[in-house]
1. Taking the alpha-carbon distance from K65 and a cut-off under 16 Å, which lysines remain once sequence neighbours fewer than 8 residues away in the same chain are dropped?
2. Ordered by packing density, taken as the mean number of other Cβ atoms within 10 Å over each peptide's residues, highest first, how do 52-62, 70-80 rank?
3. Pull out a ≥ b ≥ c, the square roots of the eigenvalues of the alpha-carbon gyration tensor of region 46-111, then state rounded if a/c is under 1.5, prolate if not and a/b is larger than b/c, and oblate in the remaining case.
4. Taking the Cα-to-Cβ direction at S28 and at V117 and moving 7 Å from each Cα, how far apart do the two end points lie in nm?
5. Relative to the Cα centre, what is the charge dipole magnitude of the chain, using +1 at the beta carbon of each Lys and Arg, -1 at the beta carbon of each Asp and Glu, and rounding to the nearest 20 debye?
6. Subtract the Cα-Cα distance of K16 and S60 from 0.36 nm times their separation in residues, and report this length gain in nm to one decimal.
7. Report which label in (1) 11; (2) 28; (3) 23 holds the value of percent of Cα pairs over 26 Å apart derived from the coordinates of this structure.
8. Using only DSSP helix segments of four residues or longer, with each worth -39500 (n - 2.57), what per-residue ellipticity at 222 nm results for the chain after dividing by its residue count and rounding to 500?
Amino acid sequence: YTLQKTDGSKLRLDNKFKRIEALGKVVSQKVAPFQYDRLLQNLRGGQTVVLGPLTINKESLTIGKKGYTWDEIEHVGIQRGYLNLKKKGGGWFSGASAPVAKIPNLDALLAGVNQIVE
């Protein structure tokens, strides 16, 4: 887990810490509501938010170089360590994916996507 403050400084939590998974879960639970609120404020303010290989705004979600408007998206979910996007009526190669390990603030992103889709 890498924690980054707004000033850019980082703290890395890894297997050197006892019970790192439990610590990571607690940190995620405490930090996710703040990340989610900030994500929604930015989106409502018309900003584009970059989360690793993803770019999200009020109009679209982009993974890598593939961008989709919200009404084109059928499903966004996680499978086998990847965030997958499925396009409505799309064929075999019409979606996009990115490794979840490369996506910061994943919980906030998923909550934000659910909010936008609803």
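Any read-out appearing in this document is the output of simple, stated calculations on the displayed coordinates, not a laboratory observation. The shown structure was predicted, so the numbers you read here are calculated from the model rather than taken from an experiment. All Cβ positions, glycine included, derive from the backbone under ideal geometry; neighbour counts span all protein chains shown.
1. Those lysines meeting the cut-off are K86, K87, K102.
2. 52-62, 70-80
3. oblate
4. 1.8
5. 500
6. 11.9 nm
7. (3)
8. That comes out to -10500 deg cm²/dmol.
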